[in-house]
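Presented below is the structure to which this report refers.
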Amino acid sequence: MSPQSGAARIAAMVFGLLATAGVLALALLMKKPPEIIALGPMTSADCRQCHADAFAEWEGSHHAIAFVNPEVRKLSQDFRNEECLACHAPRPVLGFEPGERVLARSSDRKSGVDCLACHQHPDGEGIATANRSPQKNAPCKPYYEPRLADVELCASCHNQHKTVEQWRGAPAELKGENCLACHMVDAFREGGRRGRHHGFPAAHDKVALLSAIQLLGGVDESSGTPWVSLSNVGAGHNFPTDERSRAADIQVRWQDEIGGWSEWQHVYRFRDPYRDETDLTNTQLPSGETWRQDLPAPSSGASGEARLLYRSNPYLPDDESIELGRVTLGS
């Protein structure tokens, strides 16, 4: 066989392979994609099928127990204070104007602030996502909704106690772009996909609380006076914020000559009181600010300690509160 005929045969084989590949590619393009049946009326439990990680994070959050939390039930008088219902079992927030107060839903309240509360289209036509390129043929019919990254979405519930207003007035280096940087940190899903953590760490998370404040104390070198201070170094809003039931207390105790300790004594409380507590004033610590107070020691040169206790309920006893820091006062 001549070199020319061999080259011709190879060229013919290559042409045949390319033609076959082209036919296959055309067939794939013309093949009807599998039919996706859109979901009908949904509950948050439906989200678990495709978003197991995010659903598990939400299940461990205080959003998930917003309606059934025993502490909430007690403070709301078992929701006889109906004003609390709107934010503890809300209708889909996207059905309201940005920042507008939501209304309570009448069914499935036990799910609290569930997936649909933040993500459901106001007409039930699809699920909102912050993903700019959602998988549009998914059963829940996702669509891009920029409001999901806007503070006004959170404001519908979380500005009832002026938290978003506090954020607007916070120093730029602490407030960040929106609420998500602190309360929906990055989470990496299967395959390395980047998302947002749906655990919403905040006032019930000790790590989040510790990132917000700095407790210091000591003895003034010139006067010998013990002192204690608290700085809001990490929160883009007041400390503590949101619910008026939250409180943070500075306490101090002193050691005698033989090493015995006194009982803890109250020094100061950081809290926004309820409207009917007319004898109290708002003592929250604004973002970026420092509170400091000199302490009267029982005797010159006395050694002491100061601590910060955080209470999710202002009437919680000390042993049920969270200690966020302790400093030594004197040698």
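Read-outs throughout are calculated quantities, based only on the coordinates presented, and are distinct from any laboratory measurement. What you are looking at is a predicted structure, and each value in this text was computed from that prediction instead of being measured. Glycine also receives a Cβ, built like all others from the backbone with ideal geometry; neighbour counts cover every protein chain displayed.
Within the listed set GLU305, GLU263, GLU71, the residue fluctuating most in the Gaussian network model of the chain (springs between alpha-carbon atoms under 10 angstrom) is GLU263. Overall, the ratio between the Cα radius of gyration of segment 46-196 and 2.2 N^0.38 Å, rounded to two decimals, is 1.07. If R0 equals 22 Å, the separation of the Cβ atoms of ASP78 and GLU320 corresponds to a calculated FRET efficiency of about 0.60. Label sites at THR43 and TYR143, each approximated as a point 7 angstrom past Cα along Cα to Cβ, lie 2.6 nm apart. When the Debye formula is applied to the Cα atoms of segment 95-169, each taken as the same point scatterer, what base-10 log of I(q)/I(0) results at q = 0.15, 0.17, 0.19, 0.24 Å⁻¹? Normalising to I(0) and taking log10 leaves -0.58, -0.73, -0.88, -1.17.
Using the Cβ atoms and a cut-off under 9 Å, what net charge is assigned to the surroundings of SER321, where Lys and Arg are +1 and Asp and Glu are -1? Mind dumping the intermediate values first?
Working: positive: ARG311; negative: ASP249, ASP318, ASP319, GLU320, GLU323.
Once all neighbours under 9 Å are counted, the net charge is -4.
With a simple spin-label model that places each label point 7 Å from the Cα along the Cα-to-Cβ direction, the separation between VAL185 and SER107 comes to 3.8 nm. Among ILE258, ILE65, the order by Cβ neighbours within 10 angstrom, fewest to most, reads ILE258, ILE65. Residue pairs exceeding 31 angstrom between C-alpha atoms, taken from LYS141/LYS206; LYS136/LYS206; LYS141/LYS175; LYS110/LYS162; LYS175/LYS206; LYS141/LYS162: LYS141/LYS206; LYS136/LYS206; LYS141/LYS175; LYS141/LYS162. Normalising by residue count, segment 189-228 has a Cα convex hull of 104 Å³ per residue.
Just tell me, in residue order, which DSSP H segments of the chain are both 30 angstrom or longer along the helix axis (alpha-carbon based) and at least 0.5 in mean Kyte-Doolittle hydropathy.
Working: long enough: 3-30 (41 Å, 1.59).
Sorted by number, the helices that extend far enough and score high enough are 3-30.
Spin-label model, GLU71 to LYS206: label points 7 Å out along the Cα-to-beta-carbon direction sit 1.4 nm apart. Expressed as a fraction of 2.2 N^0.38 Å, the value expected for a compact globular protein of N residues, the C-alpha radius of gyration of segment 131-274 is 1.45. Sorted into 10 angstrom bins from 0, the C-alpha pair distances of the chain split as 5, 20, 25, 18, 11, 8, 5, 4, 3, 2, 1, 0 percent.
Could you tell me how far the Cα centroid of segment 122-181 sits from the Cα centroid of segment 219-236, in Å? If you average the Cα positions of each part, the centres end up 37 Å apart.
Relative to the globular-protein estimate of 2.2 N^0.38 Å, the Cα radius of gyration of segment 206-329 stands at 1.09.
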